[in-house]
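Notes follow the structure.
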Amino acid sequence: MFGGKRTGWYEEVAGTPSDVKGVKSVKEIKAFSGGAENVQAMPAVWQAKSGQTRVTGEFLYLKSLELPWVYDLQIFGATGLTWRLRLKNFPKGTKGGRELNADLDRLKREHGQDSLLMEIDFPTDYPHSPPFMRIVTPMTEWYTGFVSCDGALLLEPLTAQAWKSNMCIEDVLVAAIYAMTDCEKGMVAAGRVAGPGGASGPLRIHFPAQANVLAEHNKDAAKVSFSRMEASTRTNGFNF
């Protein structure tokens, strides 16, 4: 079991949101959308949209929520289809959440970074196809938190066969946080996925003695890891 059995999984679906790359604050979002009431109504308004309009609208909606564990949400690159954001302040109600928060406290003390830097790539036909999500930095312990050794999020809802077009990124982020912090410990057999095999469980940061914990994961390698998981899921079902 990669990451361990899921013990808390967010499966409800919501809707989403329009096109402004320079909007940063909730005040600007409300002004752009015509006021606070319109921001809250965005899910119904944008649920039928797709492509760039849907992605940018969903960006605005997520910004407006001011979720307590999402920070520095930004559009990354020229296409508008890639986001970067930071995750921290994980749920304290689980041992996994508390341990990950402690790891991030140590990371801040020793290296000056207090969060997971995440990246989300959207396909041009989103939400009809799922996004690809990965941890850019820091390095994490192999097989923990449903994250590959290359940083890819190995979540069943992100596979083509399980993705539902009425999901939105808010749903996926909540599911990812639960997958990272609220799962049982287990073992990954050698050959099942990349690497030598080993213990799995809630996400932990890797503090190597001879390497840079802030080194960025390779994006191409992360995509290969996700594709391997997806192919295995088609044959054997999701069992990571």
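The values are calculated or read from the model by the stated rules, or taken from the named source; none is laboratory data. Nothing here was measured: the structure is a model prediction, and the numbers come from that model. Here the Cβ is made from the backbone with ideal geometry for all residues, glycine too, and neighbour counts use every protein chain on show.
A few points about this structure:
- Condition met for Asp72 (on the phi > 0 side of the Ramachandran plot, charged (D, E, K, R) and either at pLDDT 90 or above or in contact with a strand residue (DSSP E or B) (Cβ under 6 Å, 6 or more places away or on another chain) (or both)): yes
Per-residue answers, yes or no, for (1) farther than 30 Å from Glu184 by Cβ; (2) modelled with pLDDT of 95 or more:
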residue	(1), (2)
Thr79	yes, no
Thr82	yes, yes
Lys88	no, yes
Pro91	no, no
Lys95	no, no
Leu104	no, yes
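- The lone exception for Phe226 - which of (1) hydrophobic (A, V, I, L, M, F, W, C); (2) at pLDDT 90 or above; (3) more than 29 Å from Asp105 (Cβ to Cβ) it fails: (2)
- Every residue from the range 206-228 that is over 16 Å from the mean Cα position of the chain (by Cα) and assigned to a helix (DSSP H, G or I): Asp220, Ala221, Val224, Ser227, Arg228
- Looking across the range 122-160, the residues that are of a type outside the set (Ser, Thr, Tyr) and assigned to a strand (DSSP E or B) come down to Phe132, Met133, Arg134, Ile135, Val136, Val147, Ala152, Leu153.
- Residues in the range 75-106 that are under 12 Å from Glu119 (Cα atoms) and over 14 Å from the mean Cα position of the chain (by Cα): Ile75, Phe76, Gly77, Leu81.
- Residues of the range 121-147 that turn out to be closer than 18 Å to Asn212 by Cβ and of a type in the set (S, T, N, Q), as a count: 2
- Restricting attention to the range 173-186, the residues that are out of contact with any Asp or Glu (no Cβ under 8 Å at 6 or more places or on another chain), within 22 Å of Ala231 (Cβ to Cβ) and buried (at least 21 other Cβ atoms within 10 Å of the Cβ) total 2.
- Screening the range 122-147 for residues that are touching a Phe, Trp or Tyr at 6+ places or on another chain (Cβ under 7 Å) and over 18 Å from Met167 (Cα atoms) and picking the one that is surrounded by the most Cβ atoms within 10 Å (Cβ to Cβ) gives Tyr143.
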